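What follows is a short report on a single structure.
Just so it is clear, none of the values below were taken in a lab; they were calculated from the coordinates. Please read all numbers here as calculations on a predicted model, not as lab measurements. Heads up, the Cβs are rebuilt from the backbone with ideal geometry, glycines too, and the neighbour counts pull from every protein chain shown.
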Amino acid sequence: MLMAQTVNIGTWLSNIANLMTALLAVAAILGATRGVWRRTVAKRARFKSALNHLGVGMNPTYVDSLLGRAAMGSLTTDADGTMTWVSAHGYVSVSFRRGYAVQVAVTVTDPILRFDVGQLTFDQLRGRLGDRIAPSFGEAAAGYYYSLGARRQWSLIGYFFGNPGGYLYYALAHNDASPLGRSASMGPSASPSAYTQGIFSDPEEVCPIDRAFERRLAREMIPNTLILRTAEATHFERDNFGADLDAVRLLLRETTYAERILSWWRRRRWEKAATAAL
């Protein structure tokens, strides 16, 4: 009888030990899963939520509350200047005038982020950065900008929707600080290396109109950047269309695996193209 009770107690203790081992294994798996979730899906969700709370008229403190401290830039004693917030998923560049945001540029670098521009544009533009985006109601573009240098390239298309768009200027752009999207190709040798029309134009500079080039720009460009600007200014500030590659490339930042793979693939494609051209 005593031996039977001893066997039962031993079996019971063995079952408890097995159960505890199983629970510890489940807890470890759940902990690892939670860590991956917080570093990937949840982190992207928080970043997208922060982006959707941006807007002109913000002050620097409010932007800090959404994105943390700015990594680059500073303000003058009059609270004028441009500051850039850096994330593993993209850049946010904000220009301030007397402490209020007059221009906000969102550049996405993470291929998995899939940031929809609808909320920031009052649904006047629909689509995700890194994909094709078009005006919801077929609105004609209010301006074009294209710049091709020895190693830098910019493409922008601007819009103005009046009251439905909050009386703001909007621009879809390909920013070379991000591996996402695509700029317009150089095309025929007669294509301009610099082109500006509409809301991007400086009144003191005149650029001949080239409608064929504008159509090609609209057809080929895939934006990775959305810019919002107050309508108080007559034109966008030149050379201030979001994060500057020559500045942000000097800053070591966290990147996602998806961006690293995309950047590697693009470098390989460029190397093959350069080798074929020799």
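Quick notes
- The packing ranking, built from the mean of other Cβ atoms within 10 Å per residue, places the peptides 99-107, 193-201, 158-166 in the order 99-107, 193-201, 158-166, highest first.
- Between residue 69 and residue 219, the simple spin-label model (points 7 angstrom out along Cα→Cβ) gives 5.0 nm.
- For residue 253 and residue 163, the difference between the fully extended length at 0.36 nm per residue and the C-alpha to C-alpha distance is 28.5 nm.
- Label-to-label distance for residue 53 and residue 263 is 2.8 nm, based on points extended 7 Å past Cα in the beta-carbon direction.
- P(r) weight above 20 Å for region 88-203, C-alpha pairs, percent: 47
- A simple spin-label model places pseudo-atoms 7 Å from Cα toward Cβ; at residue 150 and residue 271 they are separated by 2.4 nm.
- R0 of 51 Å, Cβ-Cβ distance residue 240-residue 18: FRET efficiency to nearest 0.05: 0.20
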